[in-house]
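Some notes on the structure that comes next.
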Amino acid sequence: FQLGTKYTEAMNMQYADSDDNLQYPVMGCYGIGVGRLAASACEAHHDEYGPVWPITIAPWQVHLCCLRADDAQAKAYADDLYETLQREGIEVLYDDRNVRAGVMFSDADLLGVPVRVIVSPRNLSEGCVELTTRDKQLSRKVALDSVLPEVREVMALLFSQINANVK
């Protein structure tokens, strides 16, 4: 942004030029802005399916996908899990649309949330949920009574990877 001499005059900031005449410096500044920052992050962290947000700047930390939200048991468990994760201070995006799994997962990839928790009638019948990372490096089934600690563990792993790259 070109600021001209507005601020240097206001501060009475001057310098002596080569002829010893006092001059006000011309100022300018550059702002990266949130939009440019988001675009830069997406450019640096993506795959063929969309962005892979680093957990430190992700709009959400966890994407909770409830497959078959028309199933009362799946919907009730996912609703409770959503409330629990929020109460624990975890930033959650909750998708309970009644769409096919492929549509939901494709949309989830386009959003790029680092951790995905998948609740479905089939998983619940097995006493678990699926826990995956957006970068596809981790995918596991987690017992229902271990979901919160496992989500925290995966988040901690993602934060530690960021910290290791910063050093």
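Quick rundown of the values:
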quantity	calculated
Relative contact order of the chain, pairs being alpha-carbon contacts under 8 Å that are 6 or more residues apart, as %	19
Shape of the range 74-138, Cα gyration tensor, a/c cut at 1.5	rounded
Which of K6, K136 is most accessible, then next, and so on - probe 1.4 Å	K6, K136
Hz values of 3J(HN,Hα) by residue in the range 31-36 - Karplus curve (6.51, -1.76, 1.60), Gly and Pro given as x	x, 6, x, 5, x, 5
Pairs of Cα atoms farther than 17 Å apart, the range 43-83, %	50
Dimensionless Rg ratio for the range 1-53, taking C-alpha atoms and the 2.2 N^0.38 Å reference	2.03
Net length gained if the chain between S146 and A164 were fully extended (0.36 nm per residue, minus Cα distance)	3.8 nm
Dipole of the chain [Lys/Arg +1, Asp/Glu -1 at C-beta], most positive-end residue of M27, V129, P149	V129
Over 28 Å [Cα-Cα, the chain], rounded percent	40
Gyration tensor over alpha-carbon atoms, the range 99-167, equivalent ellipsoid semi-axes in Å	23, 17, 7
Fully extended contour minus Cα-Cα distance, from S125 to L22, at 0.36 nm per residue	29.0 nm
Length released on extending from M13 to D80, taking residue separation times 0.36 nm less the Cα-Cα span	18.1 nm
Probe 1.4 Å, protein heavy atoms only - accessible area per residue of the chain in square angstrom	61
For H46, solvent-accessible area (1.4 Å; no DNA, RNA or ligand), Å²	100
Sum of -39500 (n - 2.57) over DSSP H runs of 4+, divided by residues of the chain (222 nm, nearest 500)	-12500 deg cm²/dmol
Heavy atoms of W60 accessible to a 1.4 Å probe, total area in Å² rounded to 10	80
A156-L138 pseudo-label distance in nm [points 7 Å out on the Cα-to-Cβ vector]	1.0
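The values are calculated or read from the model by the stated rules, or taken from the named source; none is laboratory data. Here the structure is a predicted model, which means the values were calculated and not measured. Here the Cβ is made from the backbone with ideal geometry for all residues, glycine too, and neighbour counts use every protein chain on show. Just the protein is used for accessible areas: all its heavy atoms, side chains included, with ligands, DNA and RNA removed. Shrake-Rupley method; radii C 1.70, N 1.55, O 1.52, S 1.80 Å.
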